[in-house]
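The block underneath contains the structure these notes are about, expressed in structure tokens.
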């Protein structure tokens, strides 16, 4: 566990205390300070939701999710506390009485770390650490810690470091509380502590610029890869969804791969791409991406923009949803919010909803979901699947193939069997729907191409054809 108590926290200066921490798992108290309903209505008086920042999900689900986040980095969650907050206090977020009560829980339980399932300002975090005599981390810090552990590639590590530096930059004052006694003077006359903070801020800014420069190289490299994929027409299909919705399990099912797929939040961080053959033989590139989550720190969205460009550039986006989750609708809103930040309209034609984990719901729920899906139009119809058992996978592949075919132009071509170069070009540059050998030995092929490749195909095979729908013009030996 890399989250350690600060040297400035009382009780953690001795060697014995540090040894005590190393000998056991970090004992954590999870606190969920959530606005009560009356406070939420005050934030959103017209009911539009525009001013309400609280996710529309149950408190039990939010606490369970936060506990899952904490346990995913091996924290020993001793207790959880759900706290109703009438208003946010600028100094400590919570009221004075609740802070005192939690301080007793921390002392009695020998708690090393208090996890606050909210976003804390630097002042609130510092004051709570003083009150609890223990390390305090908010939701953003916890997610950053998880991302730091999950990153495996150099690109992932750079993106995590950039987000972490952006987070720490505003919190440097907390790292130098031991210098407060050295500060002197009034107004702009600071002491050595202020000078040290400014030095650290400059070093952090320099490191951030360096990382951003390296990520620009990654961005250019990804752009070249996408360009090469456009030359060889493999459509890109990106998996997106709430964390732990089963994206990696579905990825493994579709690609016959073995990427990490566990019942753990943020099991996947680094993007993975694999080639997949669709039922009619055409190929796609399937991309597995990092999961989204409620209150995802904006600095993470910004830092991972190079990776998320794979989603922006995808031909089809599969939005994987957990059909068995009680807060399925709230999770959908969180994912669509992040997609909107990326400039992607969730209602646009390239997004297909995939309702996963159909094997975990009872028959009535499954029947209701199937009825709902049947009543939706083709463009917005969700596909019910179980990535674990394979249920519905054939339907998903058929729907995916149909969506990719939208806008493609069909050609029927008859080739001489000796035209090896022609066969090779068609397989490399078009989607071959069928291939039949005629009695005279010629081969009749039905292919589809995107509009931007149609003219190239005409010039290469059918120089005199202007309308590919004129079937009498197709039946010629090339």
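General remarks:
- With neighbour counts taken as other beta-carbon atoms within 10 Å, the residues 365, 118 rank, fewest first, as 365, 118.
- A simple spin-label model places the labels of residue 202 and residue 460 5.9 nm from each other, with each point 7 Å out along Cα-to-Cβ.
- Global geometry of region 94-146, whether rounded, prolate or oblate, following the gyration tensor of its Cα atoms and the 1.5 cut on a/c: oblate
- Among 412, 110, a tally of other beta-carbon atoms within 10 Å of each Cβ gives an order, fewest to most, of 110, 412.
- Look at 209, 27 and count the other Cβ atoms within 10 Å of each Cβ; fewest to most, that gives 209, 27.
Read-outs throughout are calculated quantities, based only on the coordinates presented, and are distinct from any laboratory measurement. If you're wondering where the values come from, they're calculated on a predicted model, not measured in any experiment. We place every Cβ from the backbone using ideal geometry, glycine too, and count neighbours over all the protein chains shown.
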